[in-house]
1. Could you list which residues have their amide H under 5 Å from that of ALA131, counting only those 5 or more apart in sequence or on another chain, with H placed in the peptide plane?
2. Placing +1 at every Lys and Arg Cβ and -1 at every Asp and Glu Cβ, with all other atoms neutral, what dipole size does the stretch 93-156 have around its Cα centre, in debye to the nearest 20?
3. Rounded to whole Hz and in sequence order, give me ³J(HN,Hα) for the stretch 85-102 from the Karplus expression 6.51 cos²θ - 1.76 cosθ + 1.60, θ = phi - 60°, writing x for Gly and Pro.
4. Assuming 0.36 nm per residue, please report the length gained on full extension of the stretch ASN241 to PHE50 beyond their Cα-Cα distance.
5. So what are the ³J(HN,Hα) numbers for the stretch 130-144, from phi and the Karplus equation (6.51, -1.76, 1.60; θ = phi - 60°), rounded to whole Hz, Gly and Pro as x?
6. Looking at the P(r) of the stretch 54-174, how many percent of alpha-carbon pairs lie beyond 21 Å?
7. With the crude spin-label approximation of a point 7 Å out along Cα→Cβ, what separation in nm comes out for ARG74 versus ALA7?
8. Are there any trypsin sites (Lys or Arg not before Pro) in the stretch 249-327 that are in a DSSP loop and have at most 13 other Cβ atoms within 10 Å? List them by number.
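The values are calculated or read from the model by the stated rules, or taken from the named source; none is laboratory data. Since the structure is predicted, the reported quantities are computational estimates derived from the model, not experimental observations. Cβ placement follows ideal geometry from the backbone for every residue including glycine, while neighbour counts extend to all protein chains displayed. Heavy atoms of the whole protein, side chains included, go into the accessibility calculation; ligands, DNA and RNA do not. Shrake-Rupley method; radii C 1.70, N 1.55, O 1.52, S 1.80 Å.
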Amino acid sequence: MSHKRLAPVFVGHEIYRQAAYGTNHPLAIPRVAPVMDLCRALGWFGPGEFVASPRASEDELAWFHTVDYIDALRQAAESGRVDIGTRERYALGTMENPLFPGVFERAATSVGGSIRAAELALEGRIAYHPAGGTHHGRPGRAAGFCYFNDPVFAILALLKGGLERVLYVDLDAHHGDGVQDAFADEARIWTISIHEQGRWPNTGALADVGGGRACNLPVPRGFNDAELAILLDDVVLPLANDVAPQAVVLTCGADALAGDPLCSMALTNVALWSAAERLAALAPAAVVLGGGGYNPWTVTRYWAGLWGRLSGRKIPASLPAEARAILGWLRSDLVDDEDVREAWLTTLADAPNEAAARDEVRVLRDRALARAGEAQWRQATCAVAVDEGAAG
Ligand SMILES: [Zn+2]
């Protein structure tokens, strides 16, 4: 099923210009700010296309998170420190989830942005919120660099809007565990995650179907464009069509790209742009979020170009000087200077990767289809159809 192109909107905020995550953390790199700057430099924000993210209220945060955790994060952020009990109970003030000035406001802004994105999607827009995608956050604790779980809030806002069939697709290199688990008992939500096998949090095995409406596709290192095409065409899109979603929420972590220093997938941004476009077109409402991504050049090019594609712009073959300067300012402790490719500074679109698909990915496809048949994916979608028939 394909729908007409939805009117695009970019949800962003200046708060993402502030330093975050301290000094020695993979996310202590600028990501959303250079994406906004690059889009602006390319003239890609037309009238009404950029919307400032609101900050979620504490009442809104409590849609998913426990009040004691919300209080603990606010108090820890205000005092700048945690006691041992708080650190252990809430995973705050750790190497993984450090405290830094503005951490509460920043995390609450990403939640507010995803709620706003969902509201805009309900108006028939395709809402792009690259600061979102904190898919590991738990109701009562931080996890995997995520303090809150903004994709959960986008989905909850869609449910509050009255939708009954929402599809979540997670293309980040890590399993979308926090989102899958949040909706394991929710009959209105289906989740699909493509992620690198053997990577933290080491969940999301093929056999893991959550409450029956989860599909997990753990892929091998070096996962390439041809392999993504197979999984999309043969597994993800057919399963999505079974759901006939009223809205799609996508997490587009940039750590699935070749060149990411923490992960070992080998996708091009062009393949991921196409995947996101095809998935967003499955429903009359779409929320497109960011996620992980630890190479500031590949993150910025992917997410700026994703806005270009979603909003119908032509991707320039070569970037103008002002755009090159933005990429030229980026720095990373995790990428050696000699590994910074010329193309990361002068272009947006990656060169094609012609690598062939491997047999192990075809085996994964076949097993995933069998698994979805055994699990409740189809029964669940059939039950929806029966319910609607009975009601109508
Ligand atoms: Zn990730």
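1. GLY290
2. Roughly 80 debye for the stretch 93-156.
3. x, 5, 4, 6, 6, 10, 6, 10, x, 9, 4, 6, 10, x, 8, 8, x, x
4. Full-extension gain reported as 65.7 nm.
5. Per residue, the Karplus-derived 3J(HN,Hα) values read x, 6, x, x, 7, 7, 9, x, 10, x, x, 6, 7, 7, x Hz.
6. For the stretch 54-174, the fraction of Cα-Cα distances above 21 Å is 36 percent.
7. For the pair ARG74/ALA7, the computed spacing is 3.5 nm.
8. Details: sites: ARG278, ARG301, ARG309, ARG313, LYS314, ARG324; in loops: ARG313, LYS314.
Counting only loop positions with at most 13 other Cβ atoms within 10 Å, the trypsin sites (Lys or Arg not before Pro) in the stretch 249-327 are LYS314.
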